[in-house]
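Take a look at the structure below.
Every number here is computed from the coordinates shown, using simple stated rules; none is lab data. Source: prediction; values computed, not measured. Cβ atoms come from the backbone with ideal geometry, glycine included; neighbour counts cover every protein chain shown.
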Amino acid sequence: MLVNAYTGLQAWFESGHKNPCLAGLPEELKNHPLMKQVWSGIDSSKVWDCHAHIIGSGDSGSGAWASPKMDSWRHPILKIQKYFHINGAGLDKKNEDISFVSRLAHLSSEMPAGYKTMLFAFDWSHDETGTPLKEQSIFHIPDSYAAQIVNQHPQHFQWVASIHPYRPDAIDALERAHAEGAVAMKWLPSSMNIDPASPKCKQFYQKLQTYNMPIISHVGRESAVPGGNLDFNNPLKAHHMLDAGVRVVMAHCGSDGKDKDYDNRNKVVTSFELFTRMMDIPAYEKLLFGDISATTLFNHAWVLKHVLRRSDWHHRLHNGTDYPLPGVFPLITSKQFHREGMLEAEHVPFLQEVRKYNPIMFDFAMKRLLRFEGKQFPASVFETRGFFQK
Ligand SMILES: [Zn+2]
């Protein structure tokens, strides 16, 4: 999920809009009793953030690319989104690629030893014949660039490949990604133009299953990468992956948007209802998972309550930050979770301070502190390494 600018503006006044991107978490925050509390009972060497985006213009020769539409006021939503992503990630516009990586490496260095971030590559949209469609893509992050960042900072990062399954070289690319250490596959079906139900995906699923490589797939609405067939994000489409024995992580637990219920005459229901139905199929107990990235966005609080309540799911949930979103100030407001009874009053100023210095620490601390009807996320939701590491 990326920034939905319309809804982001609504929370503007509560959080302020600009991340000051301070560096160097102060001692009083490092030694704060709440900091000790959020890390107690956690083995930090097992904490992998399973959902994070790479941002960059390609100015270092990385091959990263963003559509020029994002720079034009003829596409105001895209332009505002870009502003927030740049501010949220603390980018230097004259040096986008390198400043993105160095800021995130710095933030990671402040996390306890062993903490890692899984960085997503992002493939082009492709047509039915597997030809890339640059005009219809919003951004592109090559696999080679994601792998290169890991080679530069192996103590902080892992990488997630993104390969369009219709590509004539899809299987070769998957073999290469596996050999080069990719720990998962990332798809955003609507904007990449992937129908997960297409027979063209079959061989790709077989290969993923052979490698036991999970696919992290977006389900439900996608606000930031417009266009494409939103039906491709329908959680029910994942039957095709799951029935091929592929482990699937549904991003954000399908917490945004609506989809057609194919089982009930295409009645329109929330995507989360379909996520729930799929999670509750006994045959998928060891195959289907959800990530809780972006569930703290102010318009997702309702879903967090459901997910916290469903403690029978907790061993199948994985934490992700959806970085740089935790650094985008208008999107997440700790005060709101206090009003909803999910955070104590004393948590709010602590979280607000941490966030100015380190949005990934903020994201971790907030999710560790959230509580609903006496239920919290257990350590296993954060200790995701065993799921992804080969
Ligand atoms: Zn995302």
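Points worth noting:
- Volume per residue that the Cα convex hull of the stretch 149-262 spans, once the total is divided by residue count, Å³: 115 Å³
- Note on the stretch 176-331: along the principal axes its Cα atoms extend 41, 40, 36 Å, ordered by decreasing extent.
- Taking 26 Å as the straight-line reach from the Cα of residue 134, the lysines in range (excluding those fewer than 8 positions away in the same chain) are 69, 79, 82, 93, 94, 186, 200, 202, 237.
- If the segment from residue 179 to residue 312 were pulled out straight at 0.36 nm per residue, it would be longer than the present Cα-Cα gap by 44.4 nm.
- Mean separation of Cα contacts under 8 Å (6+ apart) over length of the chain, as relative contact order %: 21 percent
- Label-to-label distance for residue 127 and residue 340 is 4.4 nm, based on points extended 7 Å past Cα in the beta-carbon direction.
- In summary, the stretch 42-136 shows an alpha-carbon radius of gyration equal to 1.28 times the 2.2 N^0.38 Å reference for compact globular proteins.
- Net charge contributed by nearby residues that have their C-beta within less than 13 Å of residue 45 (K/R +1, D/E -1): +1
- Cα gyration tensor shape of the stretch 316-375, rounded if a/c is under 1.5, else prolate or oblate by comparing a/b with b/c: oblate
- Per-residue [θ]222 nm for the chain (sum of -39500 (n - 2.57) over DSSP H runs n ≥ 4, rounded to 500): -9500 deg cm²/dmol
- Cα Rg, Dmax (largest Cα-Cα span) when computed across the chain, Å: 19.5, 58
- Length released on extending from residue 110 to residue 283, taking residue separation times 0.36 nm less the Cα-Cα span: 58.2 nm
- Each Lys or Arg adds one and each Asp or Glu takes one away; over the other residues whose Cβ falls under 9 Å from the Cβ of residue 212, this sums to +2.
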